[in-house]
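Every number here is computed from the coordinates shown, using simple stated rules; none is lab data. Keep in mind the model is a prediction, meaning the values are calculated, not measured. Please note: Cβ atoms are built from the backbone with ideal geometry, for glycine as well, and neighbour counts cover all protein chains shown.
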Amino acid sequence: MARTVLVSLGATIATLASAYGDDSPNTLRGEALVAALLELVEQGRPDAQLFLGSLYDTGKLGVPEDDAEAVRWYRLAAEQGLAEAQVNLGVMYDNGEGVPEEDAEAARWYRLAAEQGHPKAQLNVAIQYITGEGVPADHVQAYAWLIAAAAGGDPDAESVRASLAEAMTPEQIAAARELIRELDEPVPQPWLDVVHHAKTGGNELRPYNRVSISCSAPTRAP
């Protein structure tokens, strides 16, 4: 399901760009952009729900920033199984944006995306196992998920894994490598190019921020 939805996400942007003309100087923004997206949302498309949630989340393209609305649309897409939306919804719970801060609920959504093979979600799951936020602290579990995230291409997972290894025994590392073999994990998917921002505070290790769609604004036809 993840691969199909990801293709559809690119199609959402392409559909809007085609409908409103890429070469037009009149950029589709704000209420008009929301209205165009709602036409796709009404079809129950999780890709459009994710995109709309991202706009409310970031306040980009003339859409007013509204955390509660972002949560609403992320949740609808997440409940349909879209991994990026699951990550973003997890971040909203992690940060207490639009919902009460709740580490366990963040962990649940991160885990759902991680089990689909999403590298950033796998990194977030690992960091929660390191910090003990939302799940019991468990370096073996953390190391296993870091292996998965690094294999999936996350650029930060390998450095975190190397740091964690310094605090682990050889027996724990061996157990983590065995655990990753036991996890029923999909082959890492070629995820869309997304923009992500680190959620850090000083030297404190924290889960990474949301993923968001990187695209140019669709434009009106002349």
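With only Cα atoms counted, region 101-186 has Rg and Dmax values of 11.7, 36 Å.
Taking the Cβ-Cβ separation of GLU158 and GLN43 as r and a Förster radius of 35 Å, what is the calculated FRET efficiency to the nearest 0.05? The computed FRET efficiency comes out at 0.30. Overall dimensions of region 55-106, expressed as equivalent-ellipsoid semi-axes from the Cα gyration tensor (√(5λ), whole Å, largest first), are 18, 14, 8.
The modelled label-to-label distance between ALA165 and GLU133, using points 7 Å beyond Cα along the C-beta direction, is 2.6 nm.
First measure r as the distance between the Cβ atoms of ALA32 and GLU79, then evaluate 1/(1 + (r/R0)^6) with R0 = 25 Å and state the FRET efficiency to the nearest 0.05.
Efficiency at R0 = 25 Å is approximately 0.35.
Only Cα sites of region 23-155 enter the Debye sum here, all with the same form factor; the resulting log10 I(q)/I(0) across q = 0.17, 0.19, 0.21 1/Å is -0.86, -1.00, -1.12, listed in q order.
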